[in-house]
Amino acid sequence: MYLFPKVLILGIKKDAFRTHVGGVDSLHDKAKEKCEFLLREKQAINVVLRRQTEVEDHKYKDRLRVSIIVVKLLLKTGLPFRGHDESVNSGNKGLYIEVLKAIRETNEDIFNNTLENAPKNNQLISPKIQKELVQCFAQEVLLSIRQDIDVDVFALLVDESSDVSRK
């Protein structure tokens, strides 16, 4: 067994490590750099995701606020929400989308967050979403009526008239 001085062994190991790590553009150096980025608090994944979700949450609330205004207007006036043709090429897509287009012209933030500028799965214009918003208003109206009635007694009269086919 040969006995090498410690200095020689350390020198060989340092050279081997430098060879293993490689130059500035090596994969090892890039991985080390990415690790250092992740260890920095401002660039940590959870911080970046939290910041990103707060921005998306704000944009969603803006879209929802405008949608609620449109639904409220259409319900108050008793107008229909949808048109016959709501396709991309349609000139009249129904009142819900047309009123939404009119409102978005008044504010740049709303314009940048609604319809084609919103994520495709989060535009809040589908018939299902419209129905859910209307159901929310219906629940609020019923709650208001229940609070007004409180413990009073009330009656509900329902009249029926059948047509020629007795339906």
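Modelled spin-label separation between L27 and R166, with each label point placed 7 Å from Cα along the Cα-to-Cβ direction: 8.3 nm.
I'd like the FRET efficiency for L115 and H20, computed as 1/(1 + (r/R0)^6) with the beta carbon distance as r and R0 of 45 Å, rounded to 0.05.
Values: r = 55 Å, r/R0 = 1.21.
After rounding, the FRET efficiency stands at 0.25.
Judged by the mean number of other Cβ atoms found within 10 Å, the most tightly packed of the peptides 77-84, 117-124, 141-148, 62-69 leads the ranking 62-69, 117-124, 77-84, 141-148.
For the stretch 25-137, the dipole from Cβ point charges (+1 on Lys and Arg, -1 on Asp and Glu) about the Cα centre works out to 400 debye, to the nearest 20.
Under 16 Å of direct C-alpha separation, and excluding same-chain neighbours fewer than eight residues apart, K72 reaches these aspartates and glutamates: D62, E98, E132, E140. Per-residue Karplus couplings for the stretch 142-151, computed as 6.51 cos²θ - 1.76 cosθ + 1.60 with θ equal to phi - 60°, are listed in order as 4, 4, 5, 4, 4, 5, 5, 6, 6, 10 Hz, Gly and Pro entered as x.
First measure r as the distance between the Cβ atoms of E105 and E54, then evaluate 1/(1 + (r/R0)^6) with R0 = 35 Å and state the FRET efficiency to the nearest 0.05. Result of the calculation: an efficiency of 0.85.
In what sequence, highest mean first, do 27-37, 149-159 appear when ranked by Cβ atoms within 10 angstrom?
Values: 27-37: 10.8, 149-159: 5.2.
Packing proxy ranking, top to bottom: 27-37, 149-159.
Farthest towards the positive end of the charge dipole of the stretch 35-167, among the residues V164, Q139, P80, is the Cα of P80, using unit charges on the Cβ of Lys, Arg, Asp and Glu.
Each value in this text was obtained by applying a stated rule to the coordinates, not by laboratory testing. Since we're looking at a predicted model, the values are computed, not measured. Methodologically, a virtual Cβ is constructed for each residue, glycine included, from the backbone with ideal geometry; neighbour enumeration extends over all protein chains shown.
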